[in-house]
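A.B. asks: This is the structure I have questions about; it appears just below.
None of the figures in this text is laboratory data; all of them are computed from the coordinates on show. Since this is a predicted model, take the numbers as computed values, not measurements. Note that each Cβ is placed from the backbone with ideal geometry, even for glycine, and that neighbours are counted across all protein chains shown.
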Amino acid sequence: MWDAIAAGTGVRSRPASVPQPDAVLPQPRSGADEPAPVARTPAPTPPPPVTPPAAVPDLAAVRGRRRPRWATAVAVAASLLVGAGLGAVAVRQTEPAETVAAAADLEPLPGWSDTGAAVLLDRDGELELQVDLPTPPAGDGFYEVWLLGTDSGAVALGVLESGSGRFPVPAGVDLAAYGTVDVSREPLDGDPAHSTDSVARGALT
């Protein structure tokens, strides 16, 4: 047929052979000749859900709820005043009561001119003698307070400094027998006995 067509058309080349429709196609090779299976990539894991951040408190609102500094200062001052008041009440309640048990006018002795006073105070059974007597400078000596007895004895109470002082009365002293307050000028001779140089004297009544 092609020869007839070529004779009629003048075309001398022949077309390539075309396989018949029922031609057997080559089958894939088996065994070692088969291509390696392609590994499948696993599907990506979806990311975890995003948690919204916690709400940030409104700093302006927080500051607005704080107690003003002046309120804190007032509260502290009030507590201090209350504590001071309670402390003063406690001191007054624990301080022993003080009553006047006797008193004496101190009159100057010859050669002296200053007068003074002595008060015997009872503080819940403990006796103290308060002496006030203006005295000139003692020079090379000092002034001492005594309780003189009716038997010429004397009980030294202490040194009178700056014209005033408070002296505990020793327990066991009988004020009925030693009821005269005496202030003497004593030399610095180391002798604890009375110098007999009295400045002023008075009886407790």
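A.B. asks: Which FRET efficiency value, to the nearest 0.05, is calculated for residue 100 and residue 171 with the Förster distance at 22 angstrom and r the Cβ-Cβ distance?
C.D. replies: It comes out at approximately 0.70.
A.B. asks: Something else now. Based on the mean of other Cβ atoms within 10 Å per residue, sort peptides 147-155, 107-115 so the most packed one is first.
C.D. replies: Output ranking for 147-155, 107-115: 147-155, 107-115.
A.B. asks: Go through region 130-146 residue by residue and turn each phi into a ³J(HN,Hα) via Karplus (6.51, -1.76, 1.60, θ = phi - 60°); whole Hz please, and just put x for glycine and proline.
C.D. replies: 9, 10, 10, 8, x, 10, x, x, 7, x, 8, x, 7, 9, 10, 9, 9
A.B. asks: How long is the gain from residue 114 to residue 203 if the chain were fully straight, where each residue apart is worth 0.36 nm and the alpha carbon distance is subtracted?
C.D. replies: Full extension from residue 114 to residue 203 adds 30.4 nm.
A.B. asks: Mind checking the full-extension length gain between residue 193 and residue 123? Use 0.36 nm per residue of separation minus the Cα-Cα distance, one decimal, nm.
C.D. replies: 22.3 nm
A.B. asks: Would you please put 125-131, 173-179 in order of how densely packed they are, using the mean number of other Cβ atoms within 10 angstrom per residue and starting with the highest?
C.D. replies: Listed from highest to lowest mean packing, they are 125-131, 173-179.
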